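Taking it in order: structure first as structure tokens, then the write-up.
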Amino acid sequence: MNATQAQQEISRLTEQINHHNYLYYVESNPEISDYEFDLLLRQLQDLEAAFPQFASPNSPTKRVGGDITKKFKSVMHRFPMLSLSNTYSEEEIVDWENRIKKLIEGPIEFVCELKYDGVAIGIRYENGQLTRAVTRGDGEKGEDVTANVRTIRSIPLSLKGDFPADFEIRGEIFMPHAQFKKLNEEREDIGEALFANPRNTASGTLKMQDSKVVAERGLDSYLYGIYGTDIQAKGHFESVQQAGTWGFKIPLDKNKFILKTDSIEGIMEFIHYWDKKREDLPFDIDGIVLKVNDYQQQKTLGFTAKSPRWAIAYKFKANRVETKLNEVTYQVGRTGAITPVANLTPVQLGGTTVKRASLHNADQIEKLDLHVGDFVYVEKGGEIIPKIVGVNVDKRDDSSERVTFLENCPECQTALIRREGEAHHYCPNEKTCPPQVKGRIEHFISRKAMNMDGLGTETVDLLVEKGLIHNIADLYNLTFEQILNLDRMAEKSADNLIKGVELSKEVPFERVLFGIGIRFVGETVAKKLAKHFKNIDNIKNALYDQLIEADEIGEKIAISIQQFFLEEENIKLIENLKSKGLRFEIEEKVSLSSVLEGKTVVISGTFETFSRDELKELIERNGGKNGSSISSKTDYLVAGANMGPAKLKQANSLGINMLSENEFIKLINSL
């Protein structure tokens, strides 16, 4: 292929990929499978590598990230990003509408929108190409986060249709609930502290230096404010609709995310509707934004020093209660992370009884200036557990003692450390601190790792307390007689435990790698490492540059892996596990067929012929991809007994092909 042909093919592939990206992430109506999409993307990547002179800064290949930004540049906004005045009062909304009517002659239309709880962004497009993305900052200037915004799939890199030559579109970047849950599950797998809420996580993600990590986080956006000198629409609502034709993901009136109305009754109806329905959304909102629609009327109304007169934000009241802080206790995680927990006088909040609340870390305690016995304000919004947001100082007893973060581990009394750039304190005593020892063993035997039948938390506690095991390798030295001598352990239970330990030697390498508990190496990362490096020795001996070449392996993970293998104790542990017969190299599985090539398959329920893990393996060995949940991308649902009614309903509504276990067996044997 010559240069001219390559340039034409790059242009064709770019247009095709952008089209399919829009159908999937904006319209939720894909025309091709993930496999076919990945093939197109790979073709473009290969061509751009061979002909880099034709690679555009807005190429779809930029979606996967890879750019490293050491410092975000400060940029002046062309149009100031003023904040809106807020109110929690419906009476103040009525007053605002009355003020508008006194200042404007003739009919007035208002636009009601959701107030997305995310990060405000302004994105500039020149000649239909994304050129810069800037955060709100102080309203006058913000930070240039263009490389990270390019990875967000719902934000177009190139536009279509009749768009202005130079304009800015503004909106909100947020983290959907499903992505937030997935991210926290991954952090829980590797023993990391959970993120507090989607809003803070989205904000932190957008400021990450490695755009590849940003791409993995699955941020989303709604864009809805057009700014420029050549805007053709007469009003805000019309310009939002117009932006949808250019390829933007906009709030749709059919979803009731946006409404144009000419009455206060219409405004209040919108507010009341979403105050009740906001919990059903797949993302967080914290209120409603109201705007005068007509641009000329907006110009007439003008601005105060801080905000536009033609817009106001109505904020929903947070679920908040007041209760007493009885004491602060500290939990030690399997990685040694120390988490402070507020123990409260039980109180009803959002339909549940709250006895504990998150304090996150020492900085949070200091910021709140907590004293034992304080009456504290507790909120429950997008948090994993309720959170203390303030203190009623007026009720504080003068003799109460200030809460100070402890200096030594509450379990083993080792002096705590705080690593540079991290918010948490850690106990460095990995080898003998009881919660860390037990936590690592419990992680190792868990279902997603070694899946040892007959072993549970109580049994692990007993084995550690009796001195029978000190680390994960000791599990393979246990004898039937030792187990039988434990309290409440019958012959059958002892036999099941020994068999479970023995069967774990058949667990594949990627699960063993996950089970040994390298910091930041969760289930997904372990699979990527196993696939890339093939065996544990290749991982141990890999240089930093070789580690970050692997899919989804960034700086933090690479450094953690290297630090793990610098510890002589860890090397001895691996060699010990090898000697016990565990698998430390990937077993290349022979492909059975390509009957499921390019197909995503979800399994649900219980089965007679195969276990769920065996079904998943069969799907992969026949060319398919295992899906974790039902979506429009699912090609088949293998439905077993006791499948949940919600999944069945969702599959039917999406028109997904459902197969029984026998039908699935016939399908994979059809070639």
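Note down the nm distance, to one decimal, between modelled labels 7 Å out along Cα→Cβ at GLU9 and at ILE32.
Output for this residue pair reads 1.4 nm.
Taking LYS277 as the anchor, which aspartates and glutamates have their alpha carbon closer than 17 Å to its alpha carbon, excluding any fewer than eight residues away along the same chain?
Cα-Cα hits under 17 Å: GLU113, ASP117, ASP253, GLU269, ASP286.
To the nearest Å, what is the center-to-center distance of the stretch 218-251 and the stretch 532-608, using C-alpha atoms only?
Cα centres, the stretch 218-251 to the stretch 532-608: 45 Å.
Measure nothing fancy, just the Cα-based angle from helix 3-25's long axis to the longest principal axis of the chain, in degrees from 0 to 90, nearest 10.
90 degrees
List residues of the stretch 327-341, by number, whose backbone nitrogen lies under 19 Å from a label position 7 Å along Cα→C-beta of SER400.
327-330, 340-341
Mind checking the alpha-carbon convex hull of the stretch 3-55 and giving the volume per residue in Å³?
For the stretch 3-55, the hull spanned by Cα atoms encloses 65 Å³ per residue.
Give the residue from PHE405, ASN18, PHE303 lying farthest towards the positive end of the charge dipole for the chain; charges sit on Cβ (+1 for Lys and Arg, -1 for Asp and Glu) and the dipole is referred to the Cα centre.
PHE303
Relative to the first principal axis of the alpha-carbon coordinates of the chain, what is the inclination of helix 645-654, with its axis defined by its Cα atoms, in degrees from 0 to 90 and to the nearest 10?
Helix 645-654 sits roughly 50 degrees off the main axis of the chain.
Could you work out how much longer the chain between ASN255 and ARG419 gets when fully extended? Use 0.36 nm per residue separation minus the Cα distance between them, nm to one decimal.
Gain in length upon complete extension: 54.4 nm.
Under the Karplus relation 6.51 cos²θ - 1.76 cosθ + 1.60, θ = phi - 60°, what is the ordered set of whole-Hz ³J(HN,Hα) values for the stretch 202-219, x standing for Gly and Pro?
Once θ is set to phi - 60°, the couplings for the stretch 202-219 become 4, 4, x, 5, 5, 9, 6, 6, 9, 5, 5, 5, 4, 4, 6, 6, x, 5 Hz.
Please list, in order along the stretch 296-304, the HN-Hα scalar couplings obtained from phi with the Karplus expression 6.51 cos²θ - 1.76 cosθ + 1.60 (θ = phi - 60°), rounded to whole Hz, x for Gly and Pro.
Once θ is set to phi - 60°, the couplings for the stretch 296-304 become 5, 5, 4, 4, 5, 6, x, 10, 8 Hz.
Express in nm, to one decimal, how much length is gained between ASP166 and ASN669 on full extension, taking 0.36 nm for each residue of separation and deducting their alpha carbon distance.
Gain in length upon complete extension: 175.4 nm.
Restricting to DSSP loop positions (anything but H, G, I, E, B) with no more than 13 other Cβ atoms inside 10 Å of their own Cβ, which trypsin sites (Lys or Arg not before Pro) remain in the stretch 347-426?
Listed in order of number, the matching sites are ARG419.
On each of the three principal axes of the Cα atoms of the chain, give max minus min coordinate, whole Å, ordered largest first.
Reported extents, whole Å, longest axis first: 92, 81, 49.
If one computes the Cα centroid of the stretch 259-337 and of the stretch 371-441, what distance in Å separates the two points?
Spelled out, the Cα-based centre of one part sits 30 Å from the other.
Note down the nm distance, to one decimal, between modelled labels 7 Å out along Cα→Cβ at LEU39 and at ALA305.
6.4 nm
Counting pairs of alpha carbon atoms under 8 Å apart in space and at least six apart in sequence, what relative contact order in percent does the chain give?
10 percent
Could you tell me how many degrees, from 0 to 90 and to the nearest 10, lie between the Cα long axis of helix 491-503 and the main elongation axis, the longest principal axis, of the Cα atoms of the chain?
Roughly 70 degrees, rounded to the nearest 10.
Show which lysines lie in cross-link reach of LYS291 when reach means a straight Cα distance below 18 angstrom and same-chain residues fewer than eight apart are skipped.
LYS101, LYS102, LYS115, LYS234, LYS256, LYS260, LYS299, LYS306, LYS315
What aspartates and glutamates could a cross-link reach from LYS625, if we take a straight Cα to Cα line under 16 Å and drop same-chain neighbours fewer than 8 places away?
Once the sequence-local aspartates and glutamates are set aside, what remains near LYS625 is ASP34, GLU36, ASP38, GLU597, ASP613, GLU614, GLU617, ASP635.
State the answer as a single residue: which of PRO30, GLN8, GLN43 lies farthest towards the positive end of the charge dipole of the stretch 3-55, with beta carbon charges of +1 for Lys and Arg and -1 for Asp and Glu, about the Cα centre.
It is GLN8, whose Cα lies furthest towards the positive end.
Given 0.36 nm per residue, what is the gain on full extension from LEU503 to LYS431 after removing their alpha carbon distance, in nm?
Result: 23.3 nm gained on full extension.
At 222 nm, what value in deg cm²/dmol follows for the chain if DSSP H runs of at least 4 each add -39500 (n - 2.57) and the sum is divided by all its residues, to the nearest 500?
Taking each H run of at least 4 residues, the total per residue is -11000 deg cm²/dmol.
From the phi angles alone, apply the Karplus equation (6.51, -1.76, 1.60; θ = phi - 60°) to the stretch 109-119 and give each ³J(HN,Hα) in whole Hz, x where the residue is Gly or Pro.
Taking θ as phi minus 60°, the curve returns 9, 10, 10, 9, 9, 6, 9, 5, 8, x, 10 Hz for the stretch 109-119.
Measuring from label point to label point, each 7 Å out along Cα→Cβ, what is the ASN200 to LYS277 span in nm?
Here the modelled spin labels are 3.1 nm apart.
Taking H as built 1.01 Å from N, whose amide H comes closer than 5 Å to the amide H of PHE167, not counting residues under 5 places away?
When sequence neighbours closer than 5 places are left aside, the close amide H contacts are TYR125.
Check the cysteines of the chain one by one and keep only those with no other cysteine Cβ under 4.7 Å from their own.
Result for the chain is CYS112, no neighbouring Cys Cβ within the cutoff.
Only the coordinates and a few stated rules stand behind these numbers; no lab work does. Because the structure is predicted, anything quoted here is derived from the model rather than measured. Note: ideal-geometry Cβ built from the backbone for every residue, glycine included; neighbour counts use all protein chains shown.
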